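Scroll down for the structure; my scribbles are underneath it.
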Amino acid sequence: MPRGNGRETVPPARLGDASLLAAMEGAGKLIEDDELRDAIKDSGLGTPATRAATIERLIEVGYAVREGHSLRPTQKAMQVIALLAEHPITSPELTGAWEKRLVEMERGEQERDAFMRDIALFATDLVAYLRDLPDERTRFPRRDLGIVCPRCGKGTLIENRKGYGCSTWVSTEQPGCGFVVWKTIAGKQISEEILRELVERGRTRELPGFRSRAGKRFRATLVLDPQAERPVSFEFEPRAGGSGAEPVA
């Protein structure tokens, strides 16, 4: 919206690792209840040892992707946020309440068994809440990216839960041209940005974050051959031990 100085407002910058870690550490500031805020003020969400691992886990399971120095929520994450918008699990007050009870257990003022029963009941209620949501809310929203299919040139690429496929697909019996790029390749989340680069240029820049079946991390360039049965392959920069391209399993 225009402002008095003639400029327009812009959305706040996306969080990066450092700013998200700081937000997690200072999450207690968002709690209005003085007692709960005091319980969490020295800990925040998680601990210094677990916060970075939490961010990596969010990326690993497809809730966020790194774009430069920023973190961007995926469509999957946005759906979860919408589903749990008003649920207590999204509230810092819940963490504050649990932290308060943990402190009371340390002092001998709370019974561990009672706390664990409440945690189990909370988890059961959360599962029931999600289970009872109507199908139209839990179904992953298919999204047309407006990218012309590089294989057939007739359809456009549609984002679904597991990948980016050609819109000519109707069913297993009517697969259309069958082109698809999976959202996860060797443990790395393939964002829309990476997909667009791959389709437009036929290859990506060298990307970090892949993981071999043995669990070893590696960097590689993704190369596109639209007509191949497996249209995406790895290409490695020349290093000691050889180079070349390998199909993506």
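General remarks:
- Residues in the stretch 118-157 that are more than 30 Å from G178 (Cα to Cα) and not in a helix (DSSP H, G or I): D132, L133, P134.
- Criterion (touching a residue at least 12 places away in the same chain (Cβ under 8 Å), touching a Ser or Thr at 6+ places or on another chain (Cβ under 9 Å), over 28 Å from W182 (Cα atoms) and not in a helix (DSSP H, G or I)) met by exactly one of L36, L45: L45
- Per-region count, the stretch 177-193, residues buried (at least 18 other Cβ atoms within 10 Å of the Cβ), without any contact (Cβ under 8 Å) to a residue 60 or more places away in the chain and either assigned to a helix (DSSP H, G or I) or not charged (D, E, K, R) (or both): 6
- Complete set of residues in the stretch 195-214 that are assigned to a loop (DSSP other than H, G, I, E, B) and open to solvent by 30 Å² or more (accessible area, probe 1.4 Å): R205, E206, S212, R213, A214
- Being more than 23 Å from A77 (Cα to Cα), not charged (D, E, K, R) and not in a loop (DSSP other than H, G, I, E, B) is a property that T221 has.
Table: residues versus (1) under 25 Å from G28 (Cα atoms); (2) open to solvent by 50 Å² or more (accessible area, probe 1.4 Å).
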| residue | (1), (2) |
| --- | --- |
| E86 | yes, yes |
| V103 | yes, no |
| D132 | no, yes |
| D135 | no, yes |
| F140 | no, no |
| I147 | no, no |
| C152 | no, no |
| G163 | no, no |
| P175 | no, yes |
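- Members of the stretch 59-80 found to be surrounded by fewer than 18 Cβ atoms within 10 Å (Cβ to Cβ), hydrophobic (A, V, I, L, M, F, W, C) and in contact with a helix residue (DSSP H, G or I) (Cβ under 8 Å, 6 or more places away or on another chain), listed by number: A77
- Within the stretch 122-151, residues that are under 16 Å from V80 (Cβ atoms) have Cβ atoms under 6 Å from residues that are part of a helix (DSSP H, G or I) in no pair, counting only partners at least 6 apart in sequence or on another chain.
- Restricting attention to the stretch 28-50, the residues being modelled with pLDDT of 70 or more and over 28 Å from the mean Cα position of the chain (by Cα) number 7.
The values are calculated or read from the model by the stated rules, or taken from the named source; none is laboratory data. What you see is a predicted model; the values in this text were computed from it and never measured. Note that each Cβ is placed from the backbone with ideal geometry, even for glycine, and that neighbours are counted across all protein chains shown. With ligands, DNA and RNA removed, areas are computed over all heavy atoms of the protein, side chains included. Shrake-Rupley method; radii C 1.70, N 1.55, O 1.52, S 1.80 Å.
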